[in-house]
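Enquirer: Submitted below is the structure of interest, expressed as structure tokens.
The values are calculated or read from the model by the stated rules, or taken from the named source; none is laboratory data. Owing to the predicted nature of the structure, the values given are computational and were not obtained by experimental measurement. All Cβ positions, even for glycine, are placed from backbone atoms using ideal geometry, and neighbour counts span all protein chains on display.
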Amino acid sequence: MTGDLVGQLEAISRSRPDRVLRLRGTLPVPAAQNSSGQEPFELLIFRGFSSSVTHPTAFDPDQAALPPEARLESADLLQGPLNPRDEQLLAGPLVPAILLDPQAWL
């Protein structure tokens with residue numbers, strides 16, 4: 001389900017080169033690595049592509065950026081292209097599914 005949602009958000013972002021979507025959530029990890037069994041992640045979507053800023057991703061754009069067990073918890077809509085020194089938050093934090101409506105990107 002997470003992969004479907006990310007794929008749909010990537011598709012919407014292709015038509016919005018002036019927006020960057022930041023998704024935050026958790027990934028499952030072996031209990032030996034983390035007592036909670038969860039680890040936070042951050043994923044950016046820009047112009048139809050996803051890139052994790054917290055975990056390695058595959059070079060193949062056809063491969064999902066997140067495993068199916070990932071939990072999406074929040075989304076921020078930012079002015080694009082992203083300028084880390086002057087980040088402009090347009091909306092958020094939001095429930096990620098809200099951004100499946102292209103009007104939410106305006």
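Enquirer: Among the candidates Glu69, Glu39, Glu87, which residue alone is modelled with pLDDT of 90 or more and either of a type in the set (D, E, K, R) or over 17 Å from Thr2 (Cα atoms) (or both)?
Expert: Going through Glu69, Glu39, Glu87 in turn, the sole match is Glu87.
Enquirer: Here is a list of conditions, (1) loosely packed, with under 14 Cβ neighbours inside 10 Å; (2) in contact with a Gly (Cβ under 7 Å, 6 or more places away or on another chain), and Ala75 meets all of them except one; can you say which number that is?
Expert: The failed condition is (1).
Enquirer: Could you please find all residues in region 63-98 being among the polar types (S, T, N, Q), without any contact (Cβ under 8 Å) to a residue 60 or more places away in the chain and in a strand (DSSP E or B)?
Expert: Ser74
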